[in-house]
Amino acid sequence: MIVVTAATGQLGRHVVAGLREQGVKFAAGVRNTAVDLGVEVRELDYNRPETLESALQGATTLLLISGSELGQRVAQHTAVVEAAKKAGVRHIVYTSAPFADTTELVLAPEHKGTEEAILASGIPYTFLRNGWYHENYVDAIKRAAETGEIVGAAGDGRVASAARKDFADAAVAVLTQPGHENKVYELTGDVAWTFDELADEIAKVADRPVTYRNLSVEGLQQHLTEQGLPPEVAGFVAAIDGNIAAGLLGHTPGTLRTLIGRPTTPVSVAIKEILAR
């Protein structure tokens, strides 16, 4: 049986829907068991280790969807891995970050730490190194449509993003098909775009001129702080743009397309959906 953690999260909900379509037996790990997902729900809270082992009883495969609390994730994920070992889980699928063990990407260290914990457990693994989600830019796309400007520090760097559902479909494929044990998949969208190209696509949908204003990483941090973001969050977001400028999110190996058996969702489609809401 499969257990999916963070099943009510933005990625988890897509995975749950995909597994339901496949008709496989699985349970959804959630913090609030009052939620109705149409499947068995089990209390599984990263911040409450006492919930972990019972939530994983009877599981043969675990989809460990990475948490969202920066600075807490290695400890949280390691606790899940330890519980999985005690429960007899035979395969851990983990949603990691691009080139987690070698990249300078600012968000990678916690994913590298989690991968190391999984490797140390001796449990067969699959690392789904998810690239960037189109949905990471929902607010920026909406703001650009309203103001005619998108602001960043990515320069001419490219982003090979895909829809969150694309990445969820890859997870479903790995969970329901044989032969993925002890493999690492670098998952990205088919096309890597620049922010100038993103501005052009927003302009087409918004039917107004949209330009990209490029700042330094420090300038973007100041801009975001002035927009109301806490300094540490602004610094983190600006650092990611610096990573994009350095080419760390622009690779397009085609692995995601292969896993899901179809082209990935173009960013133009995501923009249309975002601005139609």
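The values are calculated or read from the model by the stated rules, or taken from the named source; none is laboratory data. Since the model is a prediction, treat every value here as computed from it, not as a measurement. Neighbour counts run over all protein chains shown; Cβ positions are idealised from the backbone, glycine included.
Structural remarks
- Test: residue in segment 113-121 that is of a type outside the set (Lys, Arg) and over 21 Å from GLU181 (Cβ atoms): yes
- Residue in segment 139-149 that is among the aliphatic types (A, V, I, L, M), surrounded by fewer than 21 Cβ atoms within 10 Å (Cβ to Cβ) and not assigned by TED's automatic domain parsing to the domain that holds THR8 present: yes
- Cβ pairs under 7 Å, 6+ apart, first in segment 198-220 and in the same structural domain as GLU149 (by TED's automatic domain parsing), second in a loop (DSSP other than H, G, I, E, B) and surrounded by fewer than 16 Cβ atoms within 10 Å (Cβ to Cβ): ALA203/PRO209; ARG208/GLY148; PRO209/GLY148; VAL210/GLY148; THR211/GLY148
- Subset of segment 91-108 (residues that are in contact (Cβ under 8 Å) with a residue 12 or more places away in the chain and either farther than 20 Å from ALA170 by Cβ or not in a loop (DSSP other than H, G, I, E, B) (or both)): HIS91, ILE92, VAL93, TYR94, THR95, SER96, GLU104, VAL106
- When restricted to residues that are surrounded by 21 or more Cβ atoms within 10 Å (Cβ to Cβ) and either not polar (S, T, N, Q) or not assigned by TED's automatic domain parsing to the domain that holds HIS77 (or both), segment 87-104 contains 7.
- Residue within segment 174-190 that is in a helix (DSSP H, G or I), over 21 Å from THR252 (Cα atoms), out of contact with any strand residue (DSSP E or B) (no Cβ under 6 Å at 6 or more places or on another chain) and in contact (Cβ under 8 Å) with a residue 60 or more places away in the chain present: yes
- Sole exception among (1) in contact with a helix residue (DSSP H, G or I) (Cβ under 9 Å, 6 or more places away or on another chain); (2) on the phi < 0 side of the Ramachandran plot; (3) assigned to a loop (DSSP other than H, G, I, E, B) for ILE141, by number: (3)
- Across segment 248-277, the qualifying residues are those that are at pLDDT 95 or above and among the charged types (D, E, K, R), and the one among them that is nearest to the chain's Cα centre (by Cα) is ARG257.
- Taking strands (runs of 3 or more DSSP E) as the structural unit, no element lying wholly within segment 24-78 holds at least 1 residues that are within 17 Å of the chain's Cα centre (by Cα), surrounded by fewer than 17 Cβ atoms within 10 Å (Cβ to Cβ) and not assigned by TED's automatic domain parsing to the domain that holds SER96.
- Those residues of segment 37-84 which are acidic (Asp, Glu) and closer than 22 Å to LYS112 by Cα, in sequence order: ASP45, GLU69, GLU82
- Number of residues in segment 109-132 that are out of contact with any helix residue (DSSP H, G or I) (no Cβ under 9 Å at 6 or more places or on another chain) and either touching a residue at least 24 places away in the same chain (Cβ under 8 Å) or not in a helix (DSSP H, G or I) (or both): the value is 1.
- Contact map, segment 61-72: first residue farther than 13 Å from VAL174 by Cα, second residue buried (at least 20 other Cβ atoms within 10 Å of the Cβ) and aromatic (Phe, Trp, Tyr), Cβ cut-off under 7 Å, separation 6 or more or different chains; pairs are GLY67/TYR46.
- Qualifying residue in segment 215-238 (condition: part of a loop (DSSP other than H, G, I, E, B), at pLDDT 95 or above and crowded, with 20+ Cβ neighbours inside 10 Å): no
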